[in-house]
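Here the structure is laid out as structure tokens; the discussion comes afterwards.
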Amino acid sequence: MEEFEKRVLKVINKYNLIQEKDKIVLGVSGGPDSIAMLESLYQIKTNNKIDFEICVAHINHGIRENAKIDEQFVSDFCKERNIECYVLHSKVLELAKDEKRGVEETGRKVRYEFFNEIMEKTNSNKIAIAHNKKDNVETIIMNVLRGSGVTGLCGIEPISGVYIRPLMCENREDIEDYLKQKSIIPRIDESNFENEYTRNKIRNIVIPYIEKEFNPNIIETITRLSEIIKADNEYLKKVTKEKYKEILIKKQNLTNEQLQNSEKNVYNEDELPTIILDLKKFNELENVLQKRIILIAISELFGTTQGIEKVHIDDIIKLCNKNIGNKFLTPNKRTKIVIKNKKIYIIAKE
């Protein structure tokens, strides 16, 4: 095995990304990162280091002139290695216009929906994405510019749910060297050099400027920062889960009749998923734990914290701290917070 493949295998074992008998969908665009991921995993599998199966998912977004050539390249690459390849033809520009979304956001949505579709179709249990060390740093910088908290500074996780990222510890230079050693010429997405999108601006303008003017090792510096914050964040997660268990009264379906003293019945559903917390114990916690507990509860109700912003969390904490009479607020259309009988009711309205 090549040194690159040994390093990838080491990361796989360190983070337990792949187990025996796994079946994995690889998101492959044809660019250096995804082709290096495909080739290295293929070699690890072929050399019997781990017994797992792979297949490939490729999306032709219908934007670039060379998209058809990229598609053929990925298809031929897989055929030479007897790997099943699934291709989606999408019209991202039209979708973005119809859904009133940005092209970048729409493209990402299309990709991940297709990856999940192929995972179900092939009875796979994981999806491999070719994010590398520089992608992680770009993401952290983007999060900082958007006003991120601690979680955003952690960057991209090597594993999150069904998604694994075997190249997370690799530099782009090492990826390119690996492909040269293997005599593999990947496809190059010329749109990566255009500065229309935020990530491209960070990649092509911000990071090179910092490297030139401030710190030539900024990628490694931010990577180390991310690792330190991840360790601290994991500890906070552990403490938060313990405190959450202590203040959780129960998770239940609450009837409209039980809510009639807080607000007139405006719901059509007979029962509403609800998490009930002890108000006194909640108010005794440090603010940093209160914020995280609210996010845990929201996540348990909806499976995501999307739609809950910092201002919403701050408003919920203020509501809890006042502790005067029966009160409620609706941070968004699907969530209602009720303070009643010394309890916090976090209610899913849909």
Trypsin sites (Lys or Arg not before Pro) within the stretch 12-44: DSSP coil, no more than 12 neighbouring Cβ in 10 Å: LYS21
Go through the chain and flag any cysteine with no other cysteine's C-beta closer than 4.7 Å, please. CYS55, CYS154, CYS169, CYS320
Stokes-Einstein diffusion coefficient for the stretch 1-100 at 4 °C in a medium of 1.567 mPa s, Rh from the Kirkwood formula over Cα pairs: what value in µm²/s? 87 µm²/s
Give me the compactness ratio for the chain, meaning the Cα radius of gyration over 2.2 N^0.38 Å. 1.16
Quick tally, 1.4 Å probe accessible area for CYS78, CYS85, sorted with the most first, runs CYS85, CYS78
First compute the accessible area of the stretch 130-254 with a 1.4 Å probe, then give the percent of it belonging to carbon and sulfur atoms. 53 percent
Counting Lys and Arg as +1 and Asp and Glu as -1 over every other residue whose Cβ sits under 14 Å from the Cβ of ILE127, the net charge comes to 0
Cα-centre dipole for the stretch 143-233 with unit charges at Cβ (Lys and Arg positive, Asp and Glu negative), debye to 20: 160 debye
With only alpha-carbon pairs counted, each pair once and no self-pairs, how large is the Kirkwood hydrodynamic radius of the stretch 73-157 in angstroms? 15.6 Å
If you average the sequence gap of Cα pairs under 8 Å that are 6 or more apart and divide by the length of the chain, what percent do you get for the contact order? 13 percent
Rank these residues by their accessible area, most exposed first, probe 1.4 Å: TYR197, TYR209, TYR345, TYR178. TYR209, TYR197, TYR345, TYR178
Residue-count net charge about LYS230 - beta-carbon cut-off 11 Å; Lys, Arg +1, Asp, Glu -1: -2
Selected from VAL74, ILE63, ALA96, residue furthest toward positive end of dipole (the stretch 53-162; charges at beta carbon): ALA96
Determine the dipole magnitude for the stretch 47-177: charges of +1 sit on the beta-carbon of Lys and Arg, -1 on that of Asp and Glu, nothing else is charged, the reference point is the Cα centre, and the result goes in debye to the nearest 20. 380 debye
What order do you get for 299-312, 126-139 when each peptide is scored by the mean count of other beta carbon atoms within 10 Å, highest first? 126-139, 299-312
For the chain, find the longest principal axis of its Cα atoms and tell me its angle to the long axis of helix 310-322, 0 to 90°, nearest 10. 20 degrees
Magnitude of the Cβ-charge dipole (Lys and Arg +1, Asp and Glu -1) of the chain about the Cα centre, nearest 20 debye, reported as 1540 debye
Ordering LEU26, LEU95 from largest to smallest accessible area (1.4 angstrom probe), what's the sequence? LEU95, LEU26
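The values are calculated or read from the model by the stated rules, or taken from the named source; none is laboratory data. Remember, predicted model here, so these are calculated numbers, not experimental data. Because the Cβ atoms are built from the backbone with ideal geometry, glycine has one as well, and the counts that use them run over all protein chains shown. The protein model used for the area step is the full one, side chains on, heavy atoms only, and it has no ligands, DNA or RNA in it. Shrake-Rupley method; radii C 1.70, N 1.55, O 1.52, S 1.80 Å.
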